[in-house]
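Peer 1: Would you mind keeping the following structure in view while I ask a few things?
Just so it is clear, none of the values below were taken in a lab; they were calculated from the coordinates. Just so it is clear, the model here is predicted, and its values are computed rather than measured. No Cβ is skipped: glycine too gets one built from the backbone with ideal geometry, and neighbour counts run over all protein chains shown.
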Amino acid sequence: MSVPSHAAPPAARDPRLTPGPAIAGFLPPTGHLPSRPADRVWSTDDRLWSWGTWYDGEVSGAECARARLVAVGRCLADPQRMREDLERSVRDGHWERLTRWPGAYLLLVAEDGGRVTAYTDPAGQFPLHYAARDGRTVVSTLATAVAAFAGTGGTPDPAALAAHIVCPSVPELVEGRSAFAGVRRLGPGEALRVEPSGAVTRWTYARPGPVDGVGFEEAAARLRSALTWAVTLRTRGGGRVTSDLSGGMDSTSLAFLAADLAPEPLDAFVYHHPDAPAGDLDHALRHAGVAPRIRLHVTRGDGTSLPYRRMEARGVPDQPDPATATVTRLRLRLAHIAREGGTVHLTGEGGDALLAAPPAFLGDLAASAGLRRLLRDAHALGRLRHVSPAAVALRALRLARTPMDSALRELAVRIENPLSRPVQWPDAIAWWPPPGPEAAWLTGRARRDLAELARERAESERRDPTGLTPGTRAVLAELHNSAALHGQLVDVARDFGVWPQAPFLDGDVVRACLSLPVTDKADPFTVKPLLAAALGGLVPGPVLRRRTKGDYAAEDHLGVRRSAADLRARLTRSPLADLGIVEPSRVIASLDRAAAGLPAPFPALNRLLGVDLWMSARDRGEEAVCPC
């Protein structure tokens with residue numbers, strides 16, 4: 001492999017001009033080669049090229065007599081296994097075994113006959129983008145590179161951006177589309193094959209889901225094995241391992257596993273803003289206090305790290321990043337980790353998606369588990385959420401009788417006629433939570449276009465049903481969103497020489513968690529029972545019994561109050577208005593409510609600002625992403 005290895009970037013580098021590393025190419029090959037320095041992925045093959053600075057081990061590969069492969073992400077298989085499995089696949093044609101190595105990665109396999117096949121990871125952390133040009137297919141790990149090589153002009157896709165802002169939990173609306181018009185995205189667990197003739201085939205090769213015959217105890221054993229092995233391989237893989245330790249179940253469990261497995265004491269980190277505490281610090285201090293091998297570091301926020309401050313520090317991401325709103329807090333945390341010498345940093349991203357049952361599981365329960373179980377869970381959850389248990393049960397029964405195509409038609413109506421109140425927990429006992437008041441931010445045309453997409457998708461679903469249950473679909477949607485967020489985190493962290501890694505997003509861990517029906521993982525009286533069963537004896541009981549999560553709403557309100565004037569000015573001149581997607585005055589009205597301390601759709605505001613920053617930077621020509 002000739003891909004450059006990792007080197008820490010200079011501290012003074014302007015993050016707005018930071019090119020992300022990428023792999024790209026034309027399939028079949030073409031004489032069009034990069035004009036700036038780039039390396040062939042394989043020394044004797046012109047199909048794929050690489051540029052930029054990768055982390056050490058982020059790109060790995062193997063070659064044999066008739067094929068070669070490259071894995072992009074965090075493939076934890078050793079070189080010998082990669083080569084031997086590649087040779088076996090050449091002989092028997094079972095290429096998908098190459099997707100079962102530990103870790104999470106995008107896999108590209110090139111055969112001597114000219115065929116190239118790509119496989120994404122089950123969570124969707126490492127996508128592939130592609131577009132057609134002159135009878136060839138342009139592929140890349142960056143959508144921006146595809147737009148440049150394919151000559152699409154980098155035009156934004158208004159429907160994809162509108163759906164991203166107001167319907168993030170319904171990826172079906174713009175399935176396969178990126179933020180760039182004409183640039184497609186290979187989804188989680190999907191494969192793309194380009195033949196020597198140029199013919200392209202796309203299919204789902206792996207959709208993690210319940211496995212017949214797997215019970216709770218076996219699923220817990222699978223998760224225990226997969227998660228401990230994921231952490232073990234990282235602690236053995238070189239580099240100094242550090243971890244988040246928020247006091248919550250996911251990151252704290254990983255910190256305890258890593259502390260037991262690492263050759264030296266583990267440096268763990270918790271964030272705390274003294275003027276707007278999230279409630280994590282006390283839990284983190286208490287849990288770390290019983291672990292002599294954990295050194296807890298507190299990253300303290302201040303006025304400069306509040307949300308909505310210096311959002312331009314995010315730079316220009318490949319796709320809009322909702323975390324742009326909190327980038328100063330994120331950079332503060334990463335700088336602290338870097339100062340303590342961290343290179344591989346463990347996060348708990350993905351744990352909530354895989355282990356906490358979404359409200360939609362009640363529809364699965366109503367359809368499969370019997371009335372007694374439904375009434376028991378509805379009663380417990382209703383009392384916990386301070387809503388009528390009868391209303392909870394009735395919503396579950398209605399959901400069990402509603403096919404997805406009907407739900408998509410209902411979504412179209414809701415997009416055209418937005419709610420005037422915030423979305424509440426009972427609303428999520430559905431195929432997806434309905435869009436809230438933020439849908440009114442969209443222009444009438446944008447709402448009509450998005451509603452029409454929902455109706456088109458409903459007709460497609462009616463003809464060819466996915467076969468998913470509401471609960472499983474909700475888990476997968478949240479998992480894919482978590483994976484995308486983690487990918488954006490990795491992008492920001494490159495400036496600090498820190499490589500965030502999320503063991504919960506590893507393929508083996510994802511498959512273990514999803515091998516059990518969502519109804520079997522849900523218990524109103526226990527938080528994340530599967531994780532508690534899997535890590536009993538490895539992680540202290542109090543960690544696995546925490547019922548609360550950190551709440552950053554106070555910090556959001558404080559940040560929006562202090563940045564309200566700047567945000568109003570930004571929204572007034574937003575390119576989203578020029579593109580006909582939003583009415584700025586409506587967004588500003590929601591912003592004013594938030595600044596006054598009233599309930600506000602902060603997640604939607606953050607997504608909108610992420611799109612605004614992404615478009616504004618590109619309008620200013622601040623993109624430097626590919627050697628085109």
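Peer 1: Using the alpha carbon gyration tensor of the chain, what are the three equivalent-ellipsoid semi-axes (square root of 5 times each eigenvalue), largest first, in whole Å?
Peer 2: Result for the chain: semi-axes of 34, 30, 28 Å.
Peer 1: How would the range 358-470 be classified by its alpha-carbon gyration tensor: rounded, prolate or oblate, with rounded meaning a/c under 1.5 and the a/b versus b/c comparison settling the rest?
Peer 2: Cα axes put the range 358-470 in the oblate bin.
Peer 1: About the Cα centre of the chain, what is the dipole size in debye to 20, counting +1 per Lys and Arg Cβ and -1 per Asp and Glu Cβ, all else neutral?
Peer 2: 960
Peer 1: 7 Å from Cα along Cα→Cβ at both Arg202 and Ser368: what's the point-to-point distance in nm?
Peer 2: Those two pseudo-labels are separated by 2.8 nm.
Peer 1: Largest first, please: the extent of the C-alpha atoms of the range 136-189 along each principal axis, to the nearest Å.
Peer 2: In descending order, the Cα extents are 31, 26, 15 Å.
Peer 1: Something else: Starting from the amide H of Gly124, placed 1.01 Å from N in the peptide plane, find each other amide H under 5 Å away whose residue is 5 or more places distant or on another chain.
Peer 2: Correct list: Gly189.
Peer 1: Another one. Can you compute 3J(HN,Hα) from phi for each residue in the range 295-302, using the Karplus curve 6.51 cos²θ - 1.76 cosθ + 1.60 with θ = phi - 60°, rounded to whole Hz and x for Gly and Pro?
Peer 2: 9, 8, 10, 9, 8, 9, x, 8
Peer 1: Then there is this: Along each of its three principal axes, how wide is the spread of alpha-carbon positions in the range 37-87, in whole angstrom units, largest first?
Peer 2: 32, 23, 11
Peer 1: Search the structure for amide H atoms under 5 Å from the amide H of Arg133, placed 1.01 Å from N in the peptide plane, and list their residues when 5 or more places away or on another chain.
Peer 2: Counting only residues 5 or more places away or on other chains, the set is Val138.
Peer 1: Explain nothing, just the number: relative contact order of the range 554-613, from Cα pairs under 8 Å at least 6 residues apart, as a whole percent.
Peer 2: Reported as a whole number, the value is 39 percent.
Peer 1: Right, something else. Once you keep just the Cα pairs under 8 angstrom separated by 6 or more residues, what percentage relative contact order results for the chain?
Peer 2: 19
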